[in-house]
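Structure, as structure tokens:
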Amino acid sequence: MKTAYELAMERLGKSSPSAKLTAAQKKQLAELDSKYAAKIAGREIALKSESEAAAAAGEFEKAAELQQQLLKERKSLQAELEDRKEGVRSVR
């Protein structure tokens, strides 16, 4: 007996079969993942150190703003990554 998840995945596969990726596309996707992981890590390091310095100086509002900026930048970079990956996937 199949689970609801297995049935849903089966239906999804029938309605939109997954595209086969070439080796070059897989390599490009891996490079994009690596590049954006580095970008995100770099921004996290920079903004976390600024946030910690602000908190240590008693500037808690500035520290909170920096944390919010980090979240926004992370989301922005992840969205940019997904757009670029979709571009690679759509090339036939």
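The values are calculated or read from the model by the stated rules, or taken from the named source; none is laboratory data. Bear in mind the structure is a predicted one, so any value in this text is a computation, not a measurement. Cβ sites come from the backbone with ideal geometry, for glycine too, and all protein chains shown count toward neighbours.
Below are the figures for this structure:
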read-out: Residue in region 25-37 that is in contact (Cβ under 8 Å) with a residue 60 or more places away in the chain, surrounded by 13 or more Cβ atoms within 10 Å (Cβ to Cβ) and under 17 Å from the mean Cα position of the chain (by Cα) present; value: yes
read-out: Flag for Leu71 being touching a Leu at 6+ places or on another chain (Cβ under 7 Å), assigned to a helix (DSSP H, G or I) and not small (Gly, Ala, Ser); value: no
read-out: Boolean, Arg89 is charged (D, E, K, R), in contact (Cβ under 8 Å) with a residue 60 or more places away in the chain and either in contact with a Cys (Cβ under 6 Å, 6 or more places away or on another chain) or surrounded by 10 or more Cβ atoms within 10 Å (Cβ to Cβ) (or both); value: yes
read-out: Search result, residues across region 68-86 that are of a type in the set (Asp, Glu), surrounded by fewer than 14 Cβ atoms within 10 Å (Cβ to Cβ) and under 30 Å from Ser49 (Cα atoms); value: Glu80, Glu82, Asp83
read-out: Scan of region 1-19 for residues that are at pLDDT below 80 and of a type in the set (S, T, N, Q), ordered by number; value: Ser15, Ser16, Ser18
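Condition check ((1) in a helix (DSSP H, G or I); (2) among the small types (Gly, Ala, Ser); (3) modelled with pLDDT under 95) across all residues:
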residue	(1), (2), (3)
Leu21	no, no, yes
Ala41	yes, yes, no
Ala54	yes, yes, yes
Gly58	no, yes, yes
